[in-house]
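I have placed the structure first, in the form of structure tokens, so that the comments after it can refer back to it.
The values are calculated or read from the model by the stated rules, or taken from the named source; none is laboratory data. Everything numeric here is computed off the predicted structure, so don't read it as measured data. Positions of Cβ are generated from backbone atoms using ideal geometry, with glycine treated the same way; all protein chains shown enter the neighbour counts.
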Amino acid sequence: MANSSQTESSKVVLGKLGKVHGIKGWLKLNSFTSAPENIFDFADLLAEIEHRWQALEIDEYRQQANGLLVHIKGYDDPETARQLTGVELAVDINAMPALEQGSYYWFELQGMQVLSQQGENFGIVARLLETGANDVLVVTPTPQSIDERERLIPYIAGSVIQKVDTETQTIRVNWETDYLE
């Protein structure tokens, strides 16, 4: 499963710019891709600035012990670069590489209904967590849910995750209502 989040139907957020670093306009970059440097595989990164999507060009980057640093073309001093602090970097959804069958990007799973094998509605996938061993669905209740509990359900295909149906926007899970109580 690949990590990313979606802003609107045609854009997929791959990272977020952080604080200014140094005197030449470099910025910290929190990449949501797995591995973090995979964000640089995308040539056409977009940023929503003043309610309009604009292309941003990363003309230099480097990896440091505490993460990634980037320089955006045209943002050559701290004052100018500070305008980009907190800005998300996205790509058009069509720029995302196709995954093998049975694999999904995180944004594709977010918002899906989660149902037990017995048809009990646990809620919707609010977000996913990366734990190292496996990803975890964070399922939050909805008015149609069987209760008001938030559930953490491991994304283990075949044993816990029985079926992901992108057409009906549902995930069938082998998970009992009283697990982890």
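Points worth noting:
- Within region 144-160, the set of residues being in contact (Cβ under 8 Å) with a residue 24 or more places away in the chain and assigned to a strand (DSSP E or B) comprises R151, L152, I153, A157.
- Candidates S116, S159 - the one that is among the hydroxyl-bearing types (S, T, Y), surrounded by fewer than 12 Cβ atoms within 10 Å (Cβ to Cβ), over 18 Å from the mean Cα position of the chain (by Cα) and at negative phi: S159
- Failed condition for S103, given (1) closer than 28 Å to D44 by Cβ; (2) at pLDDT 95 or above; (3) not basic (K, R): (2)
- Highlighted here are the strands (runs of 3 or more DSSP E) found entirely within region 1-111 that include at least 2 residues which are surrounded by fewer than 12 Cβ atoms within 10 Å (Cβ to Cβ): 52-56, 58-64.
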